[in-house]
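Step one of this worksheet: look at the structure below.
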Amino acid sequence: MSGWKSHYLGLVPWFAVALSLAAPQALRADSTRWTIVPRNEITPTTRATICPHEDPGRGTHNCISLECTPNDPLTLAATIAGFGDPDHLRLTIDLAGRAPLELLLPVRDDGRFAIGLSGRHHRATLEALQSGASGTVTFATDAHLWRDHLPLAGSREAIDHALAACWTDRADPDRDPDRAARDEVRAFCADTLNAPAVLTEGFSRHEDLDGDGKPDWLINYGAATCGPIGSAWCGWAGCDLAIHLAREDGYLPAFRGIAEGFRLQGDRIILRRHVSECGDSATSPCGVAYRFVAEGLARIGSDDWLAD
């Protein structure tokens, strides 16, 4: 059990940057059904793809693809051709009975557009693409808009092929909080910023926090960034901190909130909170003490936050 050692969470504001990835050849596929494009020696990417609009005679096509280099995050990529060189593409997929999926895809060095689609919040969309009969897809730039019929013939087999090769967020936080937290960070970085997740030392701790003899998990999201981009889990009031306590049937999510730092002391944890959360008369950050109980954490009042 730790004593009075303080831990400060990494306060790094996050910002968006333009990103590019090495990409395979341009997408070309059937206009009536989804196609499996397996990995080969020349093109390492594997994909499930369809081109709702294909006019080889005029040199135009609109295609979408679910793809990855095997074991990398699942990516949704799109191509348009013959309509200038836009720097982004607004893509809307509308399936009967489902809320439309609306995405802004930045352009990559090869002229294609892509964004990650690996997070668990995209699972319903993937399932709908595999189970539906048809839909519509809209490709839009600042200058042009195309709305095409989106066939779903062959989509189940083709998308299963992509999902088998690509990484997606699958971990259960009640069973494996550390893996689930790492998956959460990885999915956010891939889906939001097309960037790799970087987890520095101190991201997770596996030790008995509440004194019941079973190791718990403490996750410090301040130790995570998306490549060179600052942490998306930190802001003016601190960084995300999560505590998962071991129980007979798995792990209890005892706490998920913002703190500038934390200190473990016996059966308590003291969180360093921003001055704005310390009362009207406060002029500096304060310590808020919580006791570990069967139900998780119980706030027991303020505590001094002593300097190291």
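Ile269 meets all of the listed conditions (1) in a strand (DSSP E or B); (2) within 21 Å of Glu184 (Cα to Cα) but one, namely (2).
Return the residue satisfying two criteria in turn: it lies in segment 272-302 and is assigned to a loop (DSSP other than H, G, I, E, B) and of a type in the set (Asp, Glu), and of such residues it is surrounded by the fewest Cβ atoms within 10 Å (Cβ to Cβ). Ranking the qualifying residues of segment 272-302, first place goes to Asp280. Only residues that are polar (S, T, N, Q) and either in contact with a strand residue (DSSP E or B) (Cβ under 8 Å, 6 or more places away or on another chain) or not assigned by TED's automatic domain parsing to the domain that holds Leu150 (or both) were counted across segment 89-133, and they come to 3.
Taking segment 197-211, which residues are in a loop (DSSP other than H, G, I, E, B) and in contact with a helix residue (DSSP H, G or I) (Cβ under 8 Å, 6 or more places away or on another chain)? Thr200, Glu201, Gly202, Phe203, listed by residue number.
Here is a yes/no grid of residues against (1) polar (S, T, N, Q); (2) within 21 Å of the chain's Cα centre (by Cα):
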| site | (1), (2) |
| --- | --- |
| His161 | no, no |
| Ala164 | no, yes |
| Asp169 | no, yes |
| Arg182 | no, yes |
| Val185 | no, yes |
| Ser204 | yes, yes |
| Asp212 | no, no |
| Ala223 | no, yes |
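Those strands (runs of 3 or more DSSP E) of segment 213-266 in which 3 or more residues are under 15 Å from Val288 (Cα atoms) and in contact (Cβ under 8 Å) with a residue 12 or more places away in the chain occupy 250-259, 261-265.
Give the residue that is nearest to Asn71 (Cα to Cα), with candidates limited to residues of segment 119-141 that are in contact with a helix residue (DSSP H, G or I) (Cβ under 7 Å, 6 or more places away or on another chain) and at pLDDT 90 or above. Among those that are in contact with a helix residue (DSSP H, G or I) (Cβ under 7 Å, 6 or more places away or on another chain) and at pLDDT 90 or above, it is Leu126.
The values are calculated or read from the model by the stated rules, or taken from the named source; none is laboratory data. Fair warning: this is a prediction, and the values are worked out from it, not measured in the lab. Because the Cβ atoms are built from the backbone with ideal geometry, glycine has one as well, and the counts that use them run over all protein chains shown.
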